[in-house]
Amino acid sequence: MSWDERQRAMLAEMGLRLPATAARPAGVEEATAEPAEALPVARTVAAPPARAAATDPAPAAPAREVRPGAFAALAADELPSAVAACRACGLCEQRRQAVFGEGAVGSAQWLVVTDPPDDADDASGQALGGEAGRLLDRMLLAAGQSRRGETPTAFVTPIVKCRPPRGRAPQPAELDACEAILARQVELLQPRLVLALGLQAARRLTGLAEPLGKLRGRVHRWRDLPVVVTYHPAYLLRSPADKAGAWDDLCLALKTVKTLET
Ligand code: SF4
């Protein structure tokens, strides 16, 4: 089965061009979604509303304290506000907004776990916006997935929901505290596969302190789920030559899910 024109266009936007006779790998269905910019936003979990200006002083955190163990009992509609109010680790002190994530509601085929929020995410409360987010959306669409649209199939969320000061790597205690939230997201979304974007997400989910290049190209396990590692889209914008490798990773993810179904 060959690639359709839309998928070729999506791959072209990733910086990849396929030979006219290239075959579509197993697990990649014909694309039916529109490009990310044209997609209506529906059936998505909205991030907490952005403040009027990123430079506003941070509002006082709600008095309610949510301890890690409490997340396990929360329903899907309770979790976003609990995360917004979370003070379970020190990263709450300097965040502007916690980043809950965005995507499928009810169940998701792919859970996309990214590196911690960057400055823009911290200001907007949205996971992976901007140019890197648009590249991620094209990557997902090329693989038959979407975090937006009428029937989103993926959910995108950071490994820790609050931005570490000055963009430093999160500390183990901070990762431990925030994993309670990620674990609850997994329970609620029941994904088939986890795609780890970036070194910090990849190291946490694989438990291996190896370079990203050594974590790619194989299937790891985390909480009984297959984990595939790939580059963070922000890195791919700086290093477009590695987009071909990212596409290999997406194909591995598709092949892994296909194998689970047979
Ligand atoms: S990083 Fe996670 S655990 Fe820490 S305060 Fe933010 S939401 Fe809570």
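Any read-out appearing in this document is the output of simple, stated calculations on the displayed coordinates, not a laboratory observation. As the structure is a computational prediction, the values presented were derived from the model and not from experiment. Virtual Cβ from ideal backbone geometry, glycine too; neighbours counted across all protein chains shown.
Under 20 Å between alpha carbons, and skipping anything fewer than 8 positions from residue 243 in its own chain: which lysines qualify?
List returned: 214, 255.
With only Lys, Arg, Asp and Glu charged, each at its Cβ (+1 for the first two, -1 for the last two), find how big the charge dipole of region 106-249 is about the Cα centre; round to the nearest 20 debye.
Details: 19 positive and 17 negative charges, 45 e Å.
With Lys and Arg at +1 and Asp and Glu at -1, about 220 debye.
For the pair residue 81/residue 151, report the inter-label distance in nm, with labels modelled 7 Å from Cα in the Cβ direction.
Using points 7 Å along Cα→Cβ, the separation is 3.1 nm.
I'd like the distance between the alpha-carbon centres of region 68-128 and region 222-262, rounded to an integer number of Å.
22 Å
Which order do peptides 102-115, 135-148, 166-179 fall in by mean Cβ count within 10 Å, highest first?
135-148, 102-115, 166-179
Classify region 171-262: rounded, prolate or oblate, from the alpha-carbon gyration tensor (a ≥ b ≥ c, eigenvalue square roots; a/c under 1.5 rounded; otherwise prolate if a/b is larger than b/c)? All intermediate terms of the calculation are to be shown ahead of the outcome.
Working: a/c = 1.92, a/b = 1.15, b/c = 1.67.
Verdict is oblate for region 171-262.
Identify the residues of region 128-159 with backbone N under 18 Å of a label point that sits 7 angstrom from the Cα of residue 261 along the Cα-to-Cβ direction, or state none.
Taking a point 7 Å out along Cα→Cβ of residue 261, the residues of region 128-159 whose backbone N falls under 18 Å are 140-147, 151-155.
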